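The values are calculated or read from the model by the stated rules, or taken from the named source; none is laboratory data. It should be emphasised that the depicted structure is a prediction, and the values quoted were computed from it without experimental measurement. Cβ: placed from backbone, ideal geometry, glycine included. Neighbour counts: every protein chain shown.
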Amino acid sequence: MRPGPQGPRRAERTRVKAPARAETILWDVLRRLGIDARVREGAAVVAWPEVVGPGGAARSRAVGCQSGRLVIEVENSPWMQELSCLSGEIRAELNRRMGEDLVREIVFRAAPGRKRQGPAAPPDPEAPR
């Protein structure tokens, strides 16, 4: 204790910082590494099936997002038209989930013959060779 004009002072308390949240620390590290934007864009790709629902997810897939441009492969023209008509709503929902205006444009491209990944069907023994 140090004496002051009114007599001895109480020892000054030192303030202790509250512990940082793990999320805050993680985003700080990602920002320092320069990959925070890519991680956020990857989250938009991962969110695609949830946002478009089972029907849309079965017929399309997000293949990447860069600089606010989300690229979607669609199996046929009718579904491409359907998703294109809903693109404003889809983009708004993706951005709401991301908590920021991350997706500025959704680009649809045809991917005819695209199959859902999974085990291959066994060969048909009755098929002509």
task = Any residue in region 25-38 that's within 18 Å of GLY99 (Cα to Cα): show its pairings with residues that are modelled with pLDDT of 75 or more at Cβ separation under 6 Å, as long as the two are six or more apart or on different chains.
result = LEU30/ASP36; LEU30/VAL39
inquiry  = Quick check on VAL51: is it exposed (fewer than 15 other Cβ atoms within 10 Å of the Cβ), part of a helix (DSSP H, G or I), at pLDDT 90 or above and aliphatic (A, V, I, L, M)?
reply    = no
query = What is the residue count in region 50-82 for residues that are in contact with a Ser or Thr (Cβ under 9 Å, 6 or more places away or on another chain) and within 23 Å of GLU100 (Cβ to Cβ)?
reply = 2
query = Residues in region 49-61: is at least one in contact with a helix residue (DSSP H, G or I) (Cβ under 8 Å, 6 or more places away or on another chain), free of Cβ contacts under 8 Å to residues at least 12 places away in the same chain, small (Gly, Ala, Ser) and within 26 Å of GLU105 (Cα to Cα)?
reply = yes
